[in-house]
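Trainee: One structure is given below, represented as structure tokens, and several questions about it will come after.
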Amino acid sequence: TKGWHSNEEILNDAAGGFPVEVRHRSDDVLSLKGFRVDSINAMCAVMTSSSLSSYGPQALMVFKEACYRLRGRYTTTEALARAIMVTLSADWNLTNEKRVADLSIDHFWAYMWEAYNRLDDKAAPSNGQAKWGKSYASFLAKTVPDATADANIYRLHLDAADRRRVFFTENKAYVGLGPRIMQEKDILCILFGGATPMIVRPVGDFYRFVGECYVYDLMSGEAIRDWQKGNYAAETFHLI
């Protein structure tokens, strides 16, 4: 799927190598075993590669929202910023050994400052640019990119966010990048055998498959290990 990896592929393994379990299949229903991780309680606006590549304000908006919602999970500014840096790129592969997560955080800060410096009246709400811009400056004030930082290095790896939405979960404060059609109260789950976490929507006794997603901290079998410790309960998802 576009965005979750590049041609030089480092595979994700959200299911931790645990094999797929098909419980039932028909023309209308596919029943797969897995477990729910959390529900979605907030989402940012749908992003576009054109805005992100031209240093539009979308990344700033995401980071500001993350500062409110993720402080319980990421207790330092650098840890929180790295979570957003990696999420917006879906940890894009740089080589067959390195991903965006291996980049210096300074490239992310350079990008954010460039986006801030390009804020204009067209993007500002009715109360004016000065007040609007100041609200973002307060989240960047303590960050000073290294002199060698290059905003373009990070900018070139943001295609994964095109037509997708950053979301936050309700109880565990996970942050992820998911389909544009996702809604609040959708379920973030792990389906056994899946390379990525999935988003499904309850519909009576069934679930509608919404799409795959990138979730920071859940791409390498972390949730499976928690399930094996008894932190999640396995169930069957009847997908329609």
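Trainee: Could you name the aspartates and glutamates in cross-link range of K98, using Cα to Cα under 19 Å and dropping any fewer than eight places away on the same chain?
Mentor: Excluding near neighbours in sequence, the set is E8, E9, D13, D106, D150, D159, D217.
Trainee: While we're looking at this one, here's another question. Run the numbers for S138 and E21: contour at 0.36 nm per residue of separation, minus the present Cα-Cα distance, in nm.
Mentor: Between S138 and E21, full extension yields an extra 37.3 nm.
Trainee: Hey, got a sec? Which trypsin sites (Lys or Arg not before Pro) in segment 140-233 land in a DSSP loop and have at most 16 other Cβ atoms within 10 Å?
Mentor: K142, R163, K172, R180, K185, K229
Trainee: If E78, E235 are ordered by their accessible area, calculated over protein heavy atoms with a 1.4 Å probe, which sequence runs from highest to lowest?
Mentor: From most accessible down to least: E78, E235.
Trainee: With +1 on the Cβ of every Lys and Arg and -1 on the Cβ of every Asp and Glu, and nothing else charged, how large is the dipole of segment 36-183 about its Cα centre, in debye rounded to the nearest 20?
Mentor: Taking the Cα centre of segment 36-183 as origin, the dipole is about 540 debye.
Trainee: Follow-up. Leaving ligands, DNA and RNA out of it, report the carbon-plus-sulfur percent of the accessible area of segment 58-115 at a 1.4 Å probe. All intermediate terms of the calculation are to be shown ahead of the outcome.
Mentor: Values: 1030 of 2260 Å².
Reported share for carbon and sulfur atoms: 46 percent.
Trainee: Under 1.5 on a/c is rounded, so check that first for segment 1-101, then, if it is not, pick prolate when a/b is larger than b/c and oblate when it is not; a ≥ b ≥ c are the square roots of the alpha carbon gyration tensor eigenvalues.
Mentor: prolate
Trainee: Could you report segment 1-109's accessible area per residue, 1.4 Å probe, as an integer in Å²?
Mentor: 47 Å²
Trainee: Pop a pseudo-label 7 angstrom from the Cα along the beta-carbon direction at both R180 and V46 and give the gap in nm to one decimal.
Mentor: Calculated label separation equals 0.3 nm.
Trainee: With θ taken as phi - 60° and the coefficients 6.51, -1.76 and 1.60, list the Karplus ³J(HN,Hα) couplings across segment 197-214 in order, rounded to whole Hz; mark glycine and proline as x.
Mentor: For segment 197-214, the Karplus-derived couplings read x, 10, 10, 10, 10, x, 9, x, 8, 10, 9, 8, 6, 8, x, 7, 8, 9 Hz, x marking Gly and Pro.
Trainee: What residues qualify as long-range amide H neighbours of Y207, i.e. H under 5 Å apart, gap of 5 or more or another chain, H built at 1.01 Å from N?
Mentor: Long-range HN contacts for Y207: H238, L239, I240.
Trainee: Using amide H atoms built 1.01 Å from N in the peptide plane, name the residues 5+ places from Y174, or on other chains, whose amide H lies under 5 Å from its own.
Mentor: So Y174 has HN proximity to T169.
Trainee: Quick one: grab the alpha carbon gyration tensor of segment 157-240, order the square roots of its eigenvalues as a ≥ b ≥ c, and give me rounded if a/c is under 1.5, else prolate or oblate depending on whether a/b is larger than b/c. It would help to have the intermediate numbers written out before the result.
Mentor: Numbers: a/c = 1.74, a/b = 1.16, b/c = 1.50.
In terms of gyration-tensor shape, oblate.
The values are calculated or read from the model by the stated rules, or taken from the named source; none is laboratory data. Here the structure is a predicted model, which means the values were calculated and not measured. Note: ideal-geometry Cβ built from the backbone for every residue, glycine included; neighbour counts use all protein chains shown. We work out accessible area using only protein heavy atoms, side chains counted, and drop any ligands, DNA or RNA first. Shrake-Rupley method; radii C 1.70, N 1.55, O 1.52, S 1.80 Å.
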